[in-house]
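Derivation of every value follows stated rules applied to the coordinates shown; laboratory data play no part. Just so it is clear, the structure is predicted and the values come from calculations on it, not from any experiment. Virtual Cβ from ideal backbone geometry, glycine too; neighbours counted across all protein chains shown.
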Amino acid sequence: MKTLVGLVVLFLAIFLSFPIQEMIPPIAVLHGARLLLVPALFCYGAVALPTPAMLGLAVFTGLLTDLAYLHVVSGQVEIAVGWSIVFFVILGLVANGLQPAFKRGHWWIPIPVTLVGTSLFLLMQFGMISLRREGFFFNEVVMWRVLGAGFLSAIVALVLHPIAVWSGRFIGDSSFGRRTILAKP
Amino acid sequence: MKKLNIILVVVILIGAVILSTMGSKPMQGMQSVFLSLVSPFLKTGSAVSQQIGSVGQNLKTLDELEVENRDLTLKNRELMATNQLLRDIEAENNNLRDALEYRERSVFQLLPARVISRDASTWWNTVKVNRGFEDGVKSDMPVLTETGLVGKTTTVAKNESIVLLMTDETCRVATRVEGSVEQGIASGQRVAGAGTPGEIQLSFLSKSANLQPGQKVYTAGVSGGVFPSGILIGEVKTFRARALDGQAVLEPAVDLAGVEDVFILVGAK
């Protein structure tokens, strides 16, 4: 039951994160890197949820991400719907593999997963549009946008843990600290 | 890993691959539905930030005056944009009169729209506006302001549309340069540098073009294209001759980072 509630909360939070992150302007000092809430929420869920629920979350997150970033110009699609689903399923499986350590009390695990996951996601997007367009290049601005967004999302992941623990009080999960609304020891 | 989980992963991956083979139209249809779902939140956020931004102004002026001022400003911008288009029509008309060949040309209808969200992604330069197919908007319609070209519509939802900005690499526009016979293709950059945000590249010029800073660049209005001729794109900042052609850097006519009110060119009156 707690898993189901946690899953529904994550579905809603991820859906609402799309308009919210659109309202947050890019960070000029990080060369236009953006604060992405969605990968942080997904990575937290992927580490904490059981595998089938994580897969459901990956499909939901991937589909909405593809629709949010779909770029069609004159009938040409740059990144087809479906690629983010594949990415989030793979990222989710890796993150899910770290769940035993998370349940043992290593609450910080979603933070590096979010950093790497967000950066890899942006790198995948950049690589795919570079393949579609004329050639690949990598400069300082690209690096900042990829790693800067990763670090910003990692900070969000850091904030998520106390929120998840606090939320646990409202659904009858009285054991705090290493347990959250999602992860059962 | 449990057998059930492996089956689930395989089914999801097959489903994702099938999804990725869909055509652009169904994908845009799905995006249009998603856009309609998130737009109430975007519109609320936009309205709130607008309210916060105008708090000081409201304290200084009467509400009625503010509304009247807004309407008049909007009307003024619409007239200026129409005027800009008419100037080009006048020039064309004079040329045709000289040649004694008359061809009727339609006057464009401008639909005012407001930007509800900007810079939605890391790699693409787009904004969302509060007009959709219910207002007569279709994909590939030019978007402009009274000062020049903004871009064109891509995905259109019921009451919202995505506008691809001129500063995006995938927005390519045929252009002509004021005071010369030069024509080229204007497009944005994939990733704008920290010191050069929002510049436009003008490529495929002749090596000997020797464009001067300040020269104005307009849409060329090629047959079957998206953009009509005579819309100001920007001014030349620099020009350099390359091995095979010439390339100029343009300063956009419109401040695309701060644009709030735009017009969508929805067709002939």
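Here are a few things to note about the model shown:
- For the stretch B:175-234, the normalised intensity computed at q = 0.16, 0.22, 0.27, 0.30 Å⁻¹ comes to -0.55, -0.95, -1.20, -1.30 (log10 of I(q)/I(0), Debye sum over alpha carbons, equal scatterers, no solvent).
- Flagged links, alpha-carbon separation over 18 Å, of B:Lys75/B:Lys138; A:Lys103/B:Lys3; B:Lys25/B:Lys158: B:Lys75/B:Lys138; A:Lys103/B:Lys3
- Pair B:Ala47, A:Leu4: separation of 7 Å Cα→Cβ label points (nm): 3.6 nm
- For the stretch A:57-118, the C-alpha radius of gyration divided by 2.2 N^0.38 Å, with N the number of residues, is 1.40.
- Spatial offset of the stretch B:175-243 relative to the stretch A:92-117 amounts to 49 Å, using the alpha carbon center of each.
- Evaluated at q = 0.15, 0.22 Å⁻¹: base-10 log I(q)/I(0), Debye formula over Cα of the stretch A:25-80: -0.62, -0.90
- Size of charge dipole - the protein assembly as shown - debye, nearest 20, with Cβ of Lys, Arg +1 and Asp, Glu -1, no other charges: 2000 debye
- Global size of the stretch B:136-188 as Cα Rg and Dmax, reported in angstrom: 12.9, 43
- One way to sum up the overall shape of chain B is the equivalent ellipsoid from its Cα gyration tensor, whose semi-axes run 35, 28, 20 Å, largest first.
- Computed from the Kirkwood radius of its Cα pairs, the Stokes-Einstein diffusion coefficient for chain A at 10 °C and 1.306 mPa s stands at 94 µm²/s.
- Spherically averaged projected area of the stretch B:1-80 from its Cα convex hull (nm²): 10.6 nm²
- Span-like helix ranges in chain B, DSSP H, alpha carbon extent 18 angstrom or more, Kyte mean at least 1.0: B:3-20
- Separation of the B:Lys216 and A:Ile90 label points, Cα + 7 Å toward Cβ, nm: 5.1 nm
- For the protein assembly as shown, the fraction of C-alpha pairs more than 28 angstrom apart is 57%.
- Note on chain B: with a GNM built from Cα contacts shorter than 10 Å, the maximum mean-square fluctuation among B:Gln28, B:Gln201, B:Gln247 falls on B:Gln28.
- For the stretch B:161-269, alpha-carbon Rg relative to the globular expectation (2.2 N^0.38 Å, N residues): 1.06
- The stretch A:64-171: radius of gyration over Cα atoms, expressed as a fraction of 2.2 N^0.38 Å: 1.28
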